Amino acid sequence: MSEIRTLIVDDSTVMRKIVERSLRQAGLDPLIVYEAGSGTEGLEMPSMDGLEFLRQLRAQNLAPGVPVVMITTESSEEHVKQAILAGAQGYIRKPFTAEQVKERVLPLINAA
Amino acid sequence: MLLNGVRNAAIATKRGSGEKEQERAMGVSLRESLQLVSDPANLDASAEEVFKMMLGIDCHRDSEPMVIEPESVTAVVGFGGLLSGACLFKSGSSTAIKIAAAMTGMEFEEVDDTVKDGIGEICNMLAGAWKGKVPDLAANCGLSIPAVITGRDYNLHVQAPEFKLVHSYTFDGGSFEVTIICDGLQ
């Protein structure tokens, strides 16, 4: 499982730490990235929100076949729909537990 | 001035989130559900949920005001859309440091950028959890990016809000205060 790399993209140091800890508890080896635009070669658009980052990632085909899980405070059906349309395979609402991260991420990795 | 800034940012965020949502928002009135929106139990449930899930800490509503420290940290997240206003999180500096340490597993000696980031995230999650308790708000109310204020001897004043909830909470190691200010309902 540790050979699988997961990428965390967030402009918040604290959120990166929390997600990193959750992924490590799930047996994964996360690669931490400072903010949107600095984690994917060819995508040089700093300071965009997660949804825009995902749209650009998919539009430029920079990570074909790589599942993406969005973590966000917004929880309405409309926001979930927007994330799915942008190319997310999973959605986690803040606040969340490490167990919820594991439950959302591991099935996607196993299916990829 | 700061509150106007975060409020406007929340409204801008809401405007950018899709025309369909805007159309839905126009067909919904929160005035009819004011009692539900201002229910104090929603704020208590939100605070307990955020602290339990993100910090693994039990916090409880306290009838006493939060412990005053010489320096404090305040985070503000604005609401825009069907409800305009703000969610504020305030604690003393030592409590803010303990919260950030519990969130990250790191140690802090002062309120640095990571501590401010953590308190901003807590406020963001409180605002999101609170609005998520009311379905119309969850779908039709946007949040601004958190703004964080640190220092001593400052007050925040909002003129004649529609309603205001100010709750104090304690946990093993500190106390904090959460304020919901609603200054406009559609």
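The values are calculated or read from the model by the stated rules, or taken from the named source; none is laboratory data. Only a predicted model underlies this, so the values are computations on that prediction, with no experimental measurement involved. Virtual Cβ from ideal backbone geometry, glycine too; neighbours counted across all protein chains shown.
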| query | Checking B:Gly81 against (1) within 14 Å of chain A (Cβ to nearest Cβ); (2) surrounded by 17 or more Cβ atoms within 10 Å (Cβ to Cβ); (3) at pLDDT 95 or above, which single condition isn't satisfied? | reply | (3)
| task | State whether one or more residues within region B:155-164 are among the acidic types (Asp, Glu), more than 30 Å from B:Ser33 (Cβ to Cβ) and either out of contact with any His (no Cβ under 7 Å at 6 or more places or on another chain) or within 14 Å of chain A (Cβ to nearest Cβ) (or both). | result | no
| request: Would you confirm whether any residue within region B:128-145 is touching a Ser or Thr at 6+ places or on another chain (Cβ under 9 Å) and within 14 Å of B:Thr74 (Cβ to Cβ)? | output: no
| note | When region B:58-80 is checked residue by residue, the ones that are in contact (Cβ under 8 Å) with a residue 40 or more places away in the chain and part of a loop (DSSP other than H, G, I, E, B) are B:Asp58, B:Ser63, B:Glu64, B:Pro65, B:Met66, B:Val67, B:Pro70, B:Glu71
| request: Please note which strands (runs of 3 or more DSSP E) are completely contained in region A:19-96 and include at least 1 residues that are at pLDDT below 95 and closer than 21 Å to B:Phe79 by Cα. | output: A:69-72, A:90-93
| task | Kindly indicate which of B:Ile180, B:Ile145 is modelled with pLDDT of 95 or more and either surrounded by 14 or more Cβ atoms within 10 Å (Cβ to Cβ) or not β-branched (Val, Ile, Thr) (or both). | result | B:Ile180
| message | Regarding region B:110-122, can at least one residue be identified that is modelled with pLDDT of 95 or more, within 27 Å of B:Ser33 (Cα to Cα) and crowded, with 21+ Cβ neighbours inside 10 Å? | response | yes
| remark: The residue that is farthest from the chain's Cα centre (by Cα), considering only those in region B:39-57 that are in a helix (DSSP H, G or I) and of a type in the set (D, E, K, R), is B:Lys52
